[in-house]
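Participant: One structure, pasted below without further comment.
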Amino acid sequence: LPVPIAVFLLLYKERMVPCLGGSSHPLLSADELAMEARPADRDDGPGAARGSQAPRGHDDLLSCCQSKNFRGASCTYFAVHITGALVLFMTDGIVGEYSGFVYSYAVEEPLSVVHKVAGYLPSLFWGFITLGRLISIPVSYRMKPATMVFINVVGVLVTFLLLLIFSSSVVFLFVGTASLGLFLSSTFPSMLAYTEDILQYKGCATTVLVTGAGIGEMVLQLLVGSIIHEQGSYSFLVCGMIFGGLAFTFYAFLLFFHRMYPKPSADLDAPSPDKPAVTDDNGLYQR
């Protein structure tokens, strides 16, 4: 609770809460925000004065969702956002539900792992997620983000399939847990890098992907917990297999929409919701 309360107070100070009029002044004025964003444009000429009046800081909480920002965008532009968010919805949801219920699955029949031993499974899972993120740093220099995401979603799907086949093996449960941690570790940053290569975005598009990942981590835990309560512990792996298959399917759609999406180099001067506003020599803002 302290974190959202602090964020709310900050939003209130910035006058970004639509239903409440903040009594205090914003932390930074519009001119100061423009100077912070464009330190190279600081001069005393009349062009700089006109340029500082064009942009405003952040007028309201939903400013990035205004229709004028998406004017002229193609259907594939929105499709890339949606399919990318759905992939992260599934993969981050798997992270949440697996780490939350692998202990409960291990102590139930048919595995009946000792409670102390089963307690190592979540730690093993998060430990290999940390290890995988370290490994993915040098790997990302030699491998494209699209290839990394493909390897991750296929690895998750294959791991869950093997966990279902060897569902009575305690040893393979530990091996599969470590494998899932490795494959899921770099999915989120690789997907952000991949969609950034497609869309050339600078700000609000990230919100769609991050929000999809956060909602998936919250919703799938609730869903899997309810299914395990009703159907038994074996449904834990079945749910993971289904979510992995959906992640792979959404990624296939993302690749399809990527092929349809117009290349940014085709028309560098065309207006685009992804292209940030720049200033010309006179200081005027243009697309």
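Participant: So the check is Cβ under 8 Å with 6+ separation or different chains; which pairs have a first residue in segment 174-188 that's closer than 12 Å to L162 by Cβ and in contact (Cβ under 8 Å) with a residue 60 or more places away in the chain and a second one that's open to solvent by 50 Å² or more (accessible area, probe 1.4 Å) and among the hydrophobic types (A, V, I, L, M, F, W, C)?
Facilitator: Here the result reads T177/F128; L180/F128, each pair linking segment 174-188 to a residue that is open to solvent by 50 Å² or more (accessible area, probe 1.4 Å) and among the hydrophobic types (A, V, I, L, M, F, W, C).
Participant: If I ask for residues that are under 21 Å from G240 (Cβ atoms), of a type in the set (A, V, I, L, M) and more than 18 Å from the chain's Cα centre (by Cα), which ones from segment 118-149 would you list?
Facilitator: A118, L121, L124, L131
Participant: Among the residues of segment 150-173, what is the count of those that are farther than 12 Å from G244 by Cα, of a type outside the set (V, I, T) and without any contact (Cβ under 8 Å) to a residue 60 or more places away in the chain?
Facilitator: 5
Participant: Scan segment 78-94 for residues that are open to solvent by 10 Å² or more (accessible area, probe 1.4 Å) and either under 11 Å from F243 (Cα atoms) or more than 13 Å from the chain's Cα centre (by Cα) (or both) and report the count.
Facilitator: Residues in segment 78-94 being open to solvent by 10 Å² or more (accessible area, probe 1.4 Å) and either under 11 Å from F243 (Cα atoms) or more than 13 Å from the chain's Cα centre (by Cα) (or both): 6 in total.
Participant: I would also like to ask the following. So, in segment 109-119, exactly how many residues are modelled with pLDDT under 90 and open to solvent by 90 Å² or more (accessible area, probe 1.4 Å)? It would help to see each step written out before you state the result.
Facilitator: Taking segment 109-119 as the starting set, the residues that turn out to be modelled with pLDDT under 90 are 109-112.
Then drop every residue that is not open to solvent by 90 Å² or more (accessible area, probe 1.4 Å), which leaves 109-110.
So the count comes out to 2.
Participant: Give me a count of the residues in segment 224-242 that are in contact (Cβ under 8 Å) with a residue 60 or more places away in the chain and in a helix (DSSP H, G or I).
Facilitator: So the answer is 9.
Participant: Go through (1) part of a loop (DSSP other than H, G, I, E, B); (2) open to solvent by 40 Å² or more (accessible area, probe 1.4 Å) for L162 and report which single condition fails.
Facilitator: (1)
Participant: Among what's in segment 95-108 and is open to solvent by 10 Å² or more (accessible area, probe 1.4 Å) and of a type in the set (A, V, I, L, M, F, W, C), pick the residue that is farthest from the chain's Cα centre (by Cα).
Facilitator: V107
Participant: List every residue pair whose Cβ atoms sit under 6 Å apart, with the two residues 6 or more apart in sequence or on different chains, where the first one lies in segment 92-114 and is more than 15 Å from G214 (Cα to Cα) and in contact (Cβ under 8 Å) with a residue 12 or more places away in the chain and the second, anywhere, is assigned to a loop (DSSP other than H, G, I, E, B) and aliphatic (A, V, I, L, M).
Facilitator: Every condition considered, the pairs that remain are A106/V113.
Participant: So which of R71, R56, R50 ends up being modelled with pLDDT of 55 or more, surrounded by fewer than 15 Cβ atoms within 10 Å (Cβ to Cβ) and among the charged types (D, E, K, R)? Outline the logic, then answer.
Facilitator: Working: R56 fails: modelled with pLDDT of 55 or more; R50 fails: modelled with pLDDT of 55 or more.
Exactly one residue qualifies, and that residue is R71.
Participant: What are the residue pairs meeting all of these: first residue in segment 119-144, first residue touching a residue at least 24 places away in the same chain (Cβ under 8 Å), second residue of a type in the set (D, E, K, R) and open to solvent by less than 80 Å² (accessible area, probe 1.4 Å), Cβ atoms under 8 Å, and 6 or more apart or on different chains?
Facilitator: none
Participant: Only residues that are touching a helix residue (DSSP H, G or I) at 6+ places or on another chain (Cβ under 8 Å) and either among the hydroxyl-bearing types (S, T, Y) or modelled with pLDDT of 85 or more (or both): list them for segment 259-268, please.
Facilitator: Y261
Participant: Oh, and also: For V224, which of the numbered conditions (1) modelled with pLDDT under 90; (2) in contact with a Cys (Cβ under 6 Å, 6 or more places away or on another chain) fails to hold?
Facilitator: (1)
Participant: Among the residues of segment 269-287, write down those that are within 23 Å of L192 (Cα to Cα) and either among the hydroxyl-bearing types (S, T, Y) or at pLDDT 50 or above (or both).
Facilitator: Narrowing segment 269-287 to residues within 23 Å of L192 (Cα to Cα): 271-277.
If the condition is that a residue be within 23 Å of L192 (Cα to Cα) and either among the hydroxyl-bearing types (S, T, Y) or at pLDDT 50 or above (or both), then S272, P273 are the ones that fit.
The values are calculated or read from the model by the stated rules, or taken from the named source; none is laboratory data. Here the structure is a predicted model, which is why all the values come from computation and not from measurement. Ideal geometry is used to build each Cβ from the backbone, glycine not excepted, and the neighbour counts take in all protein chains shown. Remember, those area values only see protein heavy atoms, side chains included, never the ligands or the DNA or RNA. Shrake-Rupley method; radii C 1.70, N 1.55, O 1.52, S 1.80 Å.
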